[in-house]
1. For a Förster distance of 30 Å, can you work out the FRET efficiency between the beta-carbons of residue 70 and residue 90, rounded to the nearest 0.05?
2. From the helices alone, meaning DSSP H stretches of at least four residues, give me the mean residue ellipticity at 222 nm for the chain, per-run term -39500 (n - 2.57), in deg cm²/dmol to the nearest 500.
3. What's the extension gain from residue 99 to residue 14 if we count 0.36 nm per residue and subtract their Cα-Cα distance?
4. Run the numbers for residue 57 and residue 30: contour at 0.36 nm per residue of separation, minus the present Cα-Cα distance, in nm.
5. If we count trypsin sites (Lys or Arg not before Pro) as exposed when they sit in a DSSP loop and have at most 10 other beta carbons within 10 Å, what is the longest stretch of the chain that avoids them all?
6. List, in order, the whole-Hz ³J(HN,Hα) value for each residue of segment 86-96 obtained from phi through the Karplus relation with A = 6.51, B = -1.76, C = 1.60 and θ = phi - 60°; use x for Gly and Pro.
7. Note the direction-averaged projected area, equal to a quarter of the hull surface, for the Cα convex hull of the chain, in nm².
8. Which angle from 0 to 90°, rounded to the nearest 10, does the C-alpha axis of helix 45-59 make with the longest principal axis of the chain?
Amino acid sequence: MTSTDSFWLATIGIGLTGVLTRSSFLLFGAKLSLPPALEGALRHAPASALAAIIAPTLFVDPSVDGFTPWNPRVAAAAVAILVAWRTRGMLGSMAAGATVYAALRLWAGF
């Protein structure tokens, strides 16, 4: 098998896998029921995916080797988390975090 054949076989296999897994809920509908524990766990999947995307950029400063507490992104995230916890509003927490990050970058020299 050549590398071109392997490429097309992998591409078609990945495409079919994606289509079948995503359309299974449409095809089976009410016939397929998930256990309550799994449904409860799936409610946290979007937040977990977002945390997995944000955490590496939040805690690792490319200008410094490893983690530093003086990273302005950590302070901005802490303020955003605090505002989100107190107000339960996403727009306000995003604005507060962005404001703190901009202030630390522009005026504090971080």
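Every number in this text was worked out from the coordinates using simple rules, so none of it is lab data. A quick note: this is a predicted structure, and the numbers were derived from the prediction, not measured. Cβ atoms come from the backbone with ideal geometry, glycine included; neighbour counts cover every protein chain shown.
1. Working from the Cβ atoms, E equals 0.65.
2. Calculated mean residue ellipticity at 222 nm is -24500 deg cm²/dmol.
3. Stretched fully, the residue 99-residue 14 segment lengthens by 26.4 nm.
4. So the chain would gain 5.7 nm between residue 57 and residue 30.
5. 44-87
6. 7, 9, 6, x, 6, 5, x, 5, 5, 5, 5
7. 12.9 nm²
8. Rounded to the nearest ten degrees, it is 40.
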